[in-house]
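The structure under discussion appears below in the form of structure tokens.
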Amino acid sequence: MSATLHPTRSPAPAGSRKSRRASKARVQLFHGPSRSFELHEQALPKHLGEGEVLVEISLATICGSDLHTIDGRRSAPVPCVLGHEAVGVVVESSRQGIVPGARVTWSLADSCSHCRACASWHLPQKCDHLFKYGHAALSDGTGLNGCYATHILLRPGTAVLEVPDTLPDAVVAPANCALATVVSALAQLPFPCRSAWVQGGGLLGLYACAWLRHQGVQQVYCSDIQPQRLDLVADFGGIPVLGDDANWGRSRERMQQECPGGVDLVVEVTGSASVVPPGVQMLRPGGMYVWAGMVHPETVLQLTGEAVIRKCLTIRGMHNYSPLHLAEGLNFLESTLHQLPYDKLVSPAQPLASLEEAVSLTRSRGWQRVAVRP
């Protein structure tokens, strides 16, 4: 079963998983860094506008960007409901083809489909009227704008994808951020592409290893400065290499010996500008460098134009994704479900009421994602 952007289903039969229509949602309000979350009741809309979809959230996961917001590394309007990685069940829908009882995930952004970014540049994630779930004020619309809640209201320009019953909630939830972003970033590869170096052993790095191997890349190295973050690299098809100061020399020599002339592709998913100079050095002439993690202002580069020009390099930056990339990601999960240990990525679900404890568990880095269940 392939993921589709506008699935068509007959209405859910009696006794199906259709959710009961409640009158209120429970949401965890974020009031700013160093302040506690507030468990709050928010009224559900009595009537949906054209194209809107009301979803009862089954499972959400805590993304690294949410942790950055909680810690004050990125700003957010307050109060707001954070969270943008989730899966849920349609409660009510005013959109054709999306019916109550459907199990769905959705794009992290709502786009207009008419502006130049959407219609001409094919970058809906850069829409002139962009709305991002988990990043909007409670006063914006119904306030049901984030995933640390029992319900979310999806807007008319949000892609809603039905997901197969074969995919567990914990496998699906991170797809609408981490996996779809990786699919978008790696939509173009150099030719030939037989070797790659993924910089960063977090969830994006693991997805990148698995995706590249699935695309036929034979040697995929994955580095991190923390040894424990490399524990799952081999399970997802990568070759773990330590990138800390004490071990980087040996790791570099190994890659140079096994890839004479340099690797075809380097993928940055660390968020650190310090990895860029060694990344450029490791690329072969004509290679490609993809940047997907450096989304913070403190990423000033120590790099000369000469280093790029003389090697004839292609540098590609990619932020977020389009709905088609999310659909590709879901198809990838379905085709690799029994080949890759996705069960090792996400923690046992923590209750929504214990979001503070779930955030603390995220900081411990014992799991690639910590799950929250309403």
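Counting only residues that are surrounded by fewer than 19 Cβ atoms within 10 Å (Cβ to Cβ) and either over 22 Å from the mean Cα position of the chain (by Cα) or not in a loop (DSSP other than H, G, I, E, B) (or both), region 260-283 holds 7 of them.
Among the residues making up region 25-69, those that are among the aliphatic types (A, V, I, L, M), under 23 Å from the mean Cα position of the chain (by Cα), modelled with pLDDT of 95 or more and not in a loop (DSSP other than H, G, I, E, B) are V27, L29, V53, L54, V55, I57, L59, A60. Considering region 226-259, the residues that are within 22 Å of the chain's Cα centre (by Cα) and at pLDDT below 95 include one that is surrounded by the most Cβ atoms within 10 Å (Cβ to Cβ), namely R229. Could you check, for region 64-77, whether at least one of its residues is in the same structural domain as S347 (by TED's automatic domain parsing) and farther than 22 Å from M294 by Cβ? Scanning region 64-77 turns up at least one residue that is in the same structural domain as S347 (by TED's automatic domain parsing) and farther than 22 Å from M294 by Cβ. Checking each residue in region 334-374 for being crowded, with 19+ Cβ neighbours inside 10 Å and under 13 Å from Q28 (Cα atoms) picks out L352, L355, A358, V359, V372, P374.
The residues listed here are L324, L301; of these, the one that is surrounded by 15 or more Cβ atoms within 10 Å (Cβ to Cβ) and not hydroxyl-bearing (S, T, Y) is L324.
Yes or no, residue by residue, for (1) crowded, with 23+ Cβ neighbours inside 10 Å; (2) part of a helix (DSSP H, G or I):
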| position | (1), (2) |
| --- | --- |
| A173 | yes, yes |
| T181 | yes, yes |
| Q188 | no, no |
| F191 | no, no |
| V198 | yes, no |
| G201 | yes, no |
| L204 | yes, yes |
| Y207 | yes, yes |
| W211 | yes, yes |
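Among the residues of region 184-202, just one is hydroxyl-bearing (S, T, Y) and within 14 Å of Q218 (Cβ to Cβ), namely S195.
Within region 55-97, being out of contact with any Cys (no Cβ under 8 Å at 6 or more places or on another chain), over 17 Å from L138 (Cβ atoms) and surrounded by 24 or more Cβ atoms within 10 Å (Cβ to Cβ) holds for V55, T61, I62, V87, G88, V90. Kindly check whether there is at least one residue in region 331-351 that is at pLDDT below 95, more than 15 Å from the chain's Cα centre (by Cα) and either in a loop (DSSP other than H, G, I, E, B) or not charged (D, E, K, R) (or both). No, region 331-351 has no match at all. Annotation: of all residues in region 100-125 being closer than 16 Å to V89 by Cα and touching a Ser or Thr at 6+ places or on another chain (Cβ under 7 Å), the one that is surrounded by the fewest Cβ atoms within 10 Å (Cβ to Cβ) is G101.
The values are calculated or read from the model by the stated rules, or taken from the named source; none is laboratory data. Just so we're clear, the structure is a prediction, and the values are computed from it rather than from any experiment. All Cβ positions, glycine included, derive from the backbone under ideal geometry; neighbour counts span all protein chains shown.
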